[in-house]
Structures are given as structure tokens and as C-alpha cells.
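Below is one structure, written out as C-alpha cells; comments come after it.
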Amino acid sequence: MKELLLAILTAASLVGHAWCQTPQLKSASDLAKYSGADRERLLFEGAKKEGKVVWYTSLTIYKEIAKFFEAKYPGVTVEPYRAAATTLATKILSESQAKRYIADAIETTPGALMLLRDNKLLLPYTSPHLTTYPDGSKEKAPGGLFFTTVDRESYAGISYNKTVIREADVAKNFDDLLKPALKGKMGISGEEMGAKVIGAILKVKGDGFVKKLATQDIKLYGLPALGLNELIVSGEVPLTFTAVDSNIRVAAMRGAPVAWFPGDLVPTNAGSAAIFVHTPHPHAALLFIDFLIGPDGQKIFGEKFGYGNPGKEYGFKKWYPEQGLTTYDYAETVERWNKILLQISRK
């Protein structure tokens, strides 16, 4: 009887030990679904063996992000490749067609990610940090997983140089853009952010209002919103309604005579994090994504570089132009907005 009791207790102990062990995760897909309490430990241990994560991004602050990650996870190196979102998408599609699977993770704007998603190049994943994110900031995938998560936001609004524009003449909403005092004093970005702002104005005010803007002698600049912000700081462009809030805030903190206001509807330029389905370093890729969307990454984005967080309210109405559209639909919509942008401005 004693021998039987001992055997039962030993078996129970072995079963209990087996239940406590991390399950065998043999593929990137298995890892991406794992949500156990030891997820970070498991990913970090695997990432140290892999040695690195290859990260494609359009972020300007990619070096700083990589530095903070490497400090938190010693032994895991970030190898970044930075380019414009469209360049990244073209490079990734070309590499995929050649079956050259180099990159592990990507952080860029929605247009490029939509194209990669539609070409089945993104790996659905989960993360313990996703519970703090609103539904609109996570693109759903089958099985309760997600293709992308917004890790940073910037907002397009109205900015002006205080030394050039009188306070009484400042535009603080879309209607104010028609003030006679602003005729010939406004500039807009000819890049994608400019097109999104036109889309927001159309959505709120309609075609008739946009046609009236054409009488305001608005100058079109072949610059991204960031480049146009620098002209606001210098005073070369007195006012724009395609200004990125984070850049203007940083300039103001450094003493530049500039200010930013939200329009009636604020186009939100989101950067999102995703993993490639053929990631060569899956542990490192998932660890890196968890870092970007977790408290450490969000603190860096927000406190150090002024980016917005999708889970926070800022007192204005956000608008995500890409939401709910296919790659084709979005491209077609932006093209229409671009044509209108050209019609209401001069070079």
C-alpha cells in the first residue's frame, strides 16, 4: 500500500511540474500567440540566442529607440533600416518575391502596412499590452490576434508664426482659414499629410468650402509636413493648416515663436508596429514589438519626443483616414484629395 501511495504522489508531482513548464513553441506563429506570464522571460532568452532584430522603419528617431531597447535587453542588437514608407514597402515586396527574408519587424505608417497585409506578409500576434489600446488602434486578425498596433500618433492642425501673424488674424478652425487677412499668407504641404487635411476639410465642410479656399492664394510646397514646419519656425510661411503638432511643440519648447491648434477634425498620422510572417528572429521580433507598444516604449515616444498615444484623449476629434479601407481604396481616395490640393493652391 505504501508503495502504491508513493507512486501516486510521485506521478502527481511530475504532472504538476509539467503543467508549470512553458509549452514547446516550435514556430513563429506559436510564439506570436503565446500569452503566458513568462512571455517576457521566454522571449528575452530566445532573443539573446538569436542575437539581433532587424527593424525596418520610417521613424526619424529610430536610433534613439534602438538605444533604449538595447539598454533594457543587453545581448540583443537592433539592426535598423530607415526609409520612407513607400520605399520600405517596395523593398519588402521585392525581397519577398526573391525569397530573401531579412527583416523581422516594421514600424511605419498605415498605407505601407496595408499593402504588406494584403500581400500576406504580416504575422498576426498578441501582446500583454494590447488590453490598454482602443479597438481603433489595433487591426484585427483571425483568432483574436492583430496584424498591427498603433504605437505613436501625430496630429495635423493649424500652426502659425507669432511674429508674422497677428493674434486677431489667427485661424483656429476651418472657417477661419477664409479670413481676408490670411490671403497670400498660407502654405500647405504637397505630401500625403496635405492630402489627408483636404480629406478632413471635405468631410466636415464639403466641396463648396474647399472651392472657397482656392481664393486665398495658398502656396503649395513640395515638402513633407516636417519640412514645412521648419518654414513656419523661420517665418517664411506665416501659417499652415498641415502642421504636425509634435514638431511644433518641440520647436516652441526650444523658444521658437510658434503655436499649434487643432482643426474641426484632426487627421491622425499613425505609426504602427508589425512583425513579418517570415521573421528570421521571432523571439527578438516579438520582444521588440512588446517594447514599442509597452510602457517603456510609450514613455519614450510621448515624454521624450512629443508623440501622441492612441489611448489618450487630447480635447479634439481624431480622424484615421485609412481606417476600414483596402489598399486600393485608400490609394484612390488619396489621389482624389491630391487633385483637389493642386486645384486650390499655387506653386
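Tabulated values for the structure
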quantity: Per-pair calculated FRET efficiency, R0 = 22 Å: S27 and A98 via Cβ, rounded to 0.05; calculated: 0.45
quantity: Two-site label geometry, K63 and S234: point separation in nm, points 7 Å out along Cα→Cβ; calculated: 2.3
quantity: Packing-based order for 184-190, 52-58, 99-105, 313-319, using average beta carbon neighbours within 10 Å, highest first; calculated: 52-58, 184-190, 99-105, 313-319
quantity: Within-12-Å neighbourhood charge of I165 [Cβ basis; K, R +1; D, E -1]; calculated: +2
quantity: 5 angstrom amide H check on L122, placed H, neighbours 5+ away; calculated: V277
quantity: On Cα atoms only, tilt of 39-50 relative to the major axis of the chain in degrees; calculated: 90
quantity: Shape box of segment 226-347 [Cα atoms, principal axes, largest first, Å]; calculated: 49, 40, 27
quantity: Accessible area, probe 1.4 Å, largest first, for residues Y328, Y125; calculated: Y328, Y125
quantity: Estimated FRET transfer efficiency when R0 is 22 angstrom, pair D118-K52 (beta carbons, to 0.05); calculated: 0.20
quantity: Per principal axis, descending, Cα span of segment 130-264 in whole Å; calculated: 55, 39, 26
quantity: Residue-by-residue Karplus 3J(HN,Hα) for segment 338-343, coefficients 6.51, -1.76, 1.60, Hz, glycine and proline x; calculated: 4, 4, 5, 4, 5, 5
quantity: For segment 307-331 and segment 143-170, distance of Cα centres in Å; calculated: 11
quantity: Formal net charge of residues neighbouring L220 (Cβ-Cβ distance under 13 Å; K, R +1; D, E -1); calculated: +2
quantity: Potential lengthening between K172 and T131 on full extension [0.36 nm per residue; Cα-Cα distance subtracted]; calculated: 11.2 nm
quantity: Spin-label pair K211/T86, simplified geometry with 7 Å Cα→Cβ offset, distance in nm; calculated: 3.0
quantity: Summed side-chain charge close to Y330 - residues other than Y330 whose Cβ falls under 14 Å, Lys, Arg +1, Asp, Glu -1; calculated: -4
quantity: Cα-based helix-to-principal-axis angle, 225-234 vs the chain, degrees rounded to 10; calculated: 50
quantity: DSSP beta bridges in the chain [antiparallel fraction, %, rounded to 5]; calculated: 60
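The values are calculated or read from the model by the stated rules, or taken from the named source; none is laboratory data. The shown structure was predicted, so the numbers you read here are calculated from the model rather than taken from an experiment. Here the Cβ is made from the backbone with ideal geometry for all residues, glycine too, and neighbour counts use every protein chain on show. SASA here: full protein model, heavy atoms, side chains in, ligands and nucleic acids out. Shrake-Rupley method; radii C 1.70, N 1.55, O 1.52, S 1.80 Å.
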